[in-house]
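**Q** Can you keep this structure in mind? I'll have questions shortly.
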Amino acid sequence: MEVLLLPEAAQEFEDAVVYLEEEEPGLGVRFRAELDTHVKWIAQNPTIPRLRDGVYRRVNLQVFPFFIAYLINNKSVWILAIAHGHRRPDYWIDRRTPDGHPDGSVNSDARSAPLYTLIFNEMMHTRLATPSDTQDMLRLWELMQTAHIAYDPRYYELADRSRYLDAAVRYIDGLVNDPDAICIVCTEGEHVVGSLVAKAENKAPVYSESTVASIDHVCVDEDHRGKGVFRNMYLLLESTVSKRGVNSIECYVDCENTALAAYKAVGMIPRQIKVVKHIQYNPNN
C-alpha cells in the first residue's frame, strides 16, 4: 500500500534525525533505520494495529521513544505524526489529510502545504562522496546544467563539451578531495542518483555568524525527483556541518527553478534575489 506523509510529520522526522545526530553521531541514522523498518511493516500490514478513537492507528518504535500515528484513506496510508511518546503525545490529533479525512474539516495548512511521498527506500542510501564517485557526479552536474538552459539560454549555456569537460572533472574532483567541502551522494543499489556539494566558508568579520555552508550545486537524476533524494542529502549535510560549528546553510536558486519548494521544505527561506541584465558589446563605446 502507498505510504504518504503529511508535511508536519516530514518535519518531525527531519527534526528528530538532526537532534539525535547532534546528541551522538550515528544515532539519527539508527533512528531512521528503525523507523524505516516499521513503516515498511505498516505498508504491508496497515489494518493489524487497533483503531484508536475510531480514527487512527499507532505503531510504537521498539528502541526509540517515538510512535507513528497513521490512518488509512483512499487505499493509502497517511502518516499523521512521528511523535515522541513522552512529550505531549496527542498534540497532532487535529491534523487532517488534504481531503479532510476523517471528519470533513480540511486543515488549511495541509491544504496549502506540499505533500511528500514517504522518503524511506530500502535501496536508497546517502553518504559522503569518494573520488570514485567523480564521474557520476559529473554526469549529474551536466544534467543539471542542461536543465538550467531552459531558464535563460544565454546565461546558462555551456561551452563546447570538449572545452569544459577537463575543467569540470578537475573542479568536481578537487571538491571531493577538499577538506572544507562536503560532497554527498545518494545511491540506489550501485547507482548514484543524486549529489550535493557544499563548502564551509568564513563570513566577513562584520557579521555575528562566523561560518556558513554554501551549497555549490544539487543534482538529482530525473527518474528520482520527488522521492526524497534531496531531503536525505540535505539532512546529512546539516548533520555534518553542524558538527563543524557552521551557523547557517545557503544556496543560490534560479527564480524559475521549481526546486525552490524543496529548499523551503527543509526550512530554508528566500533571502536575496540575484538580478541579471544581458548587454550587447559595442566596440564604439
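**Q** With the requirement that a residue be among the small types (Gly, Ala, Ser) and not in a strand (DSSP E or B), what does the stretch 175-228 give you?
**A** Selection gives Gly189, Ala204, Ser208, Ser210, Gly226, Gly228.
**Q** Pairs under 8 Å by beta carbon, first residue within 19 Å of Ser239 (Cβ to Cβ) and at pLDDT below 95 in the stretch 118-147, partner charged (D, E, K, R) and part of a helix (DSSP H, G or I), six or more apart or different chains?
**A** Ile119/Arg231; Phe120/Arg32; Phe120/Asp36; Phe120/Lys40
**Q** Consider Ile269 carefully, then state whether it is β-branched (Val, Ile, Thr) and touching a strand residue (DSSP E or B) at 6+ places or on another chain (Cβ under 9 Å).
**A** no
**Q** To continue, here is another question. When you check Gly245 against the structure, is it more than 18 Å from Glu142 (Cβ to Cβ), in contact with a Ser or Thr (Cβ under 8 Å, 6 or more places away or on another chain) and modelled with pLDDT under 85, yes or no?
**A** So Gly245 fails the test.
**Q** Given the residues Val39, Val77, which is the only one that is within 23 Å of the chain's Cα centre (by Cα), β-branched (Val, Ile, Thr), surrounded by 14 or more Cβ atoms within 10 Å (Cβ to Cβ) and not in a helix (DSSP H, G or I)?
**A** Among Val39, Val77, only Val77 is within 23 Å of the chain's Cα centre (by Cα), β-branched (Val, Ile, Thr), surrounded by 14 or more Cβ atoms within 10 Å (Cβ to Cβ) and not in a helix (DSSP H, G or I).
**Q** Assess whether Ile93 counts as being farther than 21 Å from Gly28 by Cα, at pLDDT 90 or above and surrounded by fewer than 16 Cβ atoms within 10 Å (Cβ to Cβ). Write out each step before concluding.
**A** Values: farther than 21 Å from Gly28 by Cα: yes; at pLDDT 90 or above: no; surrounded by fewer than 16 Cβ atoms within 10 Å (Cβ to Cβ): yes.
In short, no.
**Q** Out of the stretch 123-154, which residues are of a type in the set (A, V, I, L, M) and assigned to a helix (DSSP H, G or I)?
**A** Met137, Leu138, Leu140, Leu143, Met144, Ala147
The values are calculated or read from the model by the stated rules, or taken from the named source; none is laboratory data. None of the values given here were measured: they were computed from a predicted structure. Glycine gets a Cβ as well: all are built from the backbone with ideal geometry, and neighbour counts include every protein chain shown.
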